[in-house]
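Undergrad: Dropping a structure here in structure tokens format, bear with me for questions.
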Amino acid sequence: MNPVIDALKFRHACKKFDPKKKISSGQLDTILEAACLSPTSFGMEAWKFLVLASHDIRQRLRPACWGQPQVTDASHLVVILAKPSLIDPSKQYVLDSFLRRELPEDLTKAYVEKYRSHMETEVFPRMNAYAWCSKQCYIGLANMMTTAASMGIDSCPMEGFEKDRVEAILDIDTKQFEVAVLMALGYRAGEQTPRRRHSIGQLVEFR
Ligand SMILES: Cc1cc2nc3c(=O)[nH]c(=O)nc-3n(C[C@H](O)[C@H](O)[C@H](O)COP(=O)(O)O)c2cc1C
């Protein structure tokens with residue numbers, strides 16, 4: 001009765017993709033648009049989406065991803081990159097991000113100060129810039145998977161990889177970017193594993 005819930009029910013972590021089935025560039029654009037429309041804390045958008053269609057690159061990558069077949073058998077592999085180098089409160093990028101709001105100068109300054117104080121008191125004592133950016137990357141990941149599912153396209157989110165090796169194989173400039181998470185996209189091959197979930201009653205509490 002709800003198209004988003006229908007998509008969420010269709011989505012599963014696809015373990016076995018049909019290597020012969022490819023998704024179209026139009027569908028891929030729609031999925032990537034969902035990522036770019038996703039929210040980020042303070043609107044920082046400290047991320048990038050690297051799309052791997054090449055079978056050769058993915059063949060080289062697979063051993064660094066626990067040998068998982070999704071890497072090569074999916075239609076595409078999206079490497080979601082965090083950009084932790086951008087989000088230090090002293091960076092011009094941060095000021096430019098707030099300037100996009102076209103607010104009066106004193107309000108822009110107040111936003112930058114709020115951001116600096118939040119990052120220094122709440123974020124950096126608990127996690128580094130890579131972890132904070134990665135949290136945002138997972139929102140983009142979720143929206144891409146749901147959008148893909150709404151078009152009957154399967155996906156698999158993947159944390160099962162060796163980050164340093166993957167970055168080396170993809171020749172990532174790690175002063176700027178770090179791999180947060182991967183996502184395989186394509187079409188399922190045959191039966192998949194049944195969904196297992198705790199009940200809503202176990203997971204939701206109202207006060
Ligand atoms: C951040 C993240 C990383 C994951 N990494 C992998 C992975 O490397 N390989 C894999 O096969 N599944 C991976 N999964 C899939 C989970 O195992 C799966 O979502 C979970 O078992 C629930 O199954 P379902 O998504 O089919 O409902 C990952 C899921 C998430 C959210």
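Undergrad: May I ask for log10 I(q)/I(0) of the chain at q = 0.08, 0.10, 0.11, 0.18 Å⁻¹, from a Debye sum over the Cα atoms as equal point scatterers with solvent left out?
TA: For the chain, the Cα-only Debye profile gives -0.33, -0.51, -0.61, -1.24.
Undergrad: Round to the nearest 0.05 the FRET efficiency obtained for Glu105 and Glu191 when R0 = 35 Å and r is the Cβ-Cβ distance.
TA: Working: r = 60 Å, r/R0 = 1.72.
So, using R0 = 35 Å, E works out to roughly 0.05.
Undergrad: Pick out, from Trp132, Val112, Ile169, the residue whose Cα sits farthest towards the positive end of the charge dipole of the chain, with +1 on the Cβ of Lys and Arg and -1 on the Cβ of Asp and Glu.
TA: Ranked along the dipole, the leading option is Ile169.
Undergrad: Only Cα pairs under 8 Å and at least 6 apart count here; give the relative contact order of segment 72-166 as a rounded whole percent. Walk me through the numbers before you get to the answer.
TA: Values: 40 pairs, mean separation 28.5, N = 95.
The value is 30 percent.
Undergrad: Determine ³J(HN,Hα), in whole Hz, for all residues of segment 24-40 in sequence, where each value follows from phi through the Karplus function 6.51 cos²θ - 1.76 cosθ + 1.60 and θ = phi - 60°; x replaces Gly and Pro.
TA: 7, 5, x, 5, 4, 4, 5, 5, 6, 5, 4, 5, 6, 8, 6, x, 9
Undergrad: Taking Lys109 as the anchor, which aspartates and glutamates have their alpha carbon closer than 18 Å to its alpha carbon, excluding any fewer than eight residues away along the same chain?
TA: Excluding near neighbours in sequence, the set is Asp88, Asp96, Glu120.
Undergrad: Still on this model: Can you spot the aspartates and glutamates whose alpha carbon is less than 15 Å from Lys21's alpha carbon? Ignore those fewer than 8 places along the same chain.
TA: Hits, sequence-local ones excluded: Asp73, Asp154.
Undergrad: Efficiency by 1/(1 + (r/R0)^6): what FRET value for Phe206 and Asp173, r their Cβ-Cβ distance, R0 = 41 Å, to the nearest 0.05? Please list the in-between numbers first.
TA: Values: r = 47 Å, r/R0 = 1.15.
In this case the efficiency is close to 0.30.
Undergrad: Here's something else I'd like to know. Straight distance only, please: which lysines reach the Cα of Lys15 with their own Cα at less than 23 Å, same-chain residues fewer than 8 apart left out?
TA: Straight-distance partners of Lys15: Lys163.
Undergrad: Relative contact order, percent, of the chain when contacts are C-alpha pairs under 8 Å separated by at least 6 residues?
TA: 36 percent
Undergrad: What figure in square angstrom, to the nearest 10, would you give for the accessible area of Leu107 with a 1.4 Å probe?
TA: Estimated to the nearest 10 Å², Leu107 gives 80 Å².
Undergrad: Just subtract the alpha-carbon distance of Trp66 and Asp6 from 0.36 nm times their residue separation and send over the number in nm, one decimal.
TA: Extra length from Trp66 to Asp6 when fully extended: 18.5 nm.
Undergrad: While we're looking at this one, here's another question. With +1 on each Lys and Arg Cβ and -1 on each Asp and Glu Cβ, how big is the dipole of segment 3-189 about its Cα centre, in debye rounded to the nearest 20?
TA: Details: 24 positive and 23 negative charges, 133 e Å.
About 640 debye.
Undergrad: If you stretched the chain out fully between Glu122 and Ser199, how much longer would it get, using 0.36 nm times the residue separation minus the C-alpha to C-alpha distance?
TA: So the chain would gain 24.5 nm between Glu122 and Ser199.
Undergrad: Using each residue's phi in segment 199-207, evaluate 6.51 cos²θ - 1.76 cosθ + 1.60 at θ = phi - 60° and report the 3J(HN,Hα) Karplus result to the nearest Hz, with x for Gly and Pro.
TA: Per residue, the Karplus-derived 3J(HN,Hα) values read 6, 4, x, 6, 9, 10, 10, 10, 10 Hz.
Undergrad: Let me ask something else. Amide H of Val78: which non-local residues (sequence gap of 5 or more, or other chain) have their own amide H closer than 5 Å, using H built in the peptide plane?
TA: The answer is Leu52, Met183, Ala184, Leu185.
Undergrad: With both partners inside the chain, how many of the DSSP beta bridges are antiparallel, as a percent to the nearest 5?
TA: Just about 95 percent of them are antiparallel.
The values are calculated or read from the model by the stated rules, or taken from the named source; none is laboratory data. Computed from a predicted model, the values in this text were never measured in an experiment. Here Cβ is always computed from backbone atoms with ideal geometry, including for glycine, and neighbour counts include all displayed protein chains. Keep in mind that these areas ignore ligands, DNA and RNA; they rest on the heavy atoms of the full protein, side chains included. Shrake-Rupley method; radii C 1.70, N 1.55, O 1.52, S 1.80 Å.
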